[in-house]
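Engineer: Just passing along the structure, written as structure tokens.
The values are calculated or read from the model by the stated rules, or taken from the named source; none is laboratory data. Owing to the predicted nature of the structure, the values given are computational and were not obtained by experimental measurement. With ideal geometry, Cβ positions are generated from the backbone for all residues, glycine too; neighbour counts draw on all protein chains shown.
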Amino acid sequence: MIKRALILGSFMLLSACSTYNSIDSFYEAHKNDDQVTAIRVPQFMLSLISNISPEMQSLIGNTRDLRYMQFPSTTPARTQFLNKQMNGITGSSFIEVYRKNDDLKRNIVSIREKRNAVKEILIYNNNAARGSFLYFNGNFDPVKVREMARSEEFQKLGDGLIDQFNMGTPGINEKDDSDQN
């Protein structure tokens, strides 16, 4: 009985110390970090984003959850840490459809399928100065996803999301008001 309790306790401790295993846990863990931009798009705003391009219209029309996060990755240790976390998320349950490694720099497109449809898309980029991920949940055509990955449409979507949300939105001023006098 004690042996079983020790094994169960060890398993719980190991799982608590392991890397993040879902986009939800990664998002929640890092959304309040310094210099992070985190966007979780509500359903009603998906129509605004679909106006970026006709390709985006066909993709966004089937999206139930869309998230984007951009975060600093300024040291090799931080970059390696973030890369390891993303590998933990995509490692066992996603299929990598594209990966480009250049030292610590990463560009990865991963999907999760169910039968003949892509259910989740996760795009992770890290250029060793800043990292980002773009996450979709919905029902997507695998051929369309492959085309968009090849033509870097997902990267354009991430940039478009930042533009859409920054447009007319008050932000944090980089200069202190006293500097303007």
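Engineer: Of these, N126, N173, which one is modelled with pLDDT of 70 or more and among the polar types (S, T, N, Q)?
Structural biologist: Numbers: N173 fails: modelled with pLDDT of 70 or more.
Just a single option satisfies the conditions, and that option is N126.
Engineer: Being surrounded by 12 or more Cβ atoms within 10 Å (Cβ to Cβ), at pLDDT 90 or above and within 21 Å of H30 (Cα to Cα) is true for just one of L82, L66, L161. Which residue is that?
Structural biologist: On inspection, the qualifying residue turns out to be L82.
Engineer: Quick check: is even one residue across region 50-70 more than 18 Å from F154 (Cβ to Cβ) and among the aliphatic types (A, V, I, L, M)? It would help to see each step written out before you state the result.
Structural biologist: Keep residues of region 50-70 that are more than 18 Å from F154 (Cβ to Cβ), which gives none.
So far as region 50-70 goes, no, none of its residues is more than 18 Å from F154 (Cβ to Cβ) and among the aliphatic types (A, V, I, L, M).
Engineer: Same structure, new question: In region 1-50, how many are assigned to a helix (DSSP H, G or I) and either modelled with pLDDT of 85 or more or not aromatic (F, W, Y) (or both)?
Structural biologist: So the answer is 30.
Engineer: Test N101 against the stated conditions and say whether it is assigned to a strand (DSSP E or B) and under 24 Å from N51 (Cβ atoms). I'd like the intermediate steps shown before the answer.
Structural biologist: Details: assigned to a strand (DSSP E or B): yes; under 24 Å from N51 (Cβ atoms): no.
Considered against the rule, which asks whether it is assigned to a strand (DSSP E or B) and under 24 Å from N51 (Cβ atoms), N101 comes out as no.
Engineer: Let me ask something additional. Consider only pairs whose beta carbons are under 7 Å apart and that are at least six residues apart or on different chains; among these, list those whose first residue lies in region 91-115 and is free of Cβ contacts under 8 Å to residues at least 40 places away in the same chain and whose second residue is surrounded by fewer than 14 Cβ atoms within 10 Å (Cβ to Cβ) and of a type in the set (D, E, K, R).
Structural biologist: N107/K100; I108/E96; I108/R99; S110/E96
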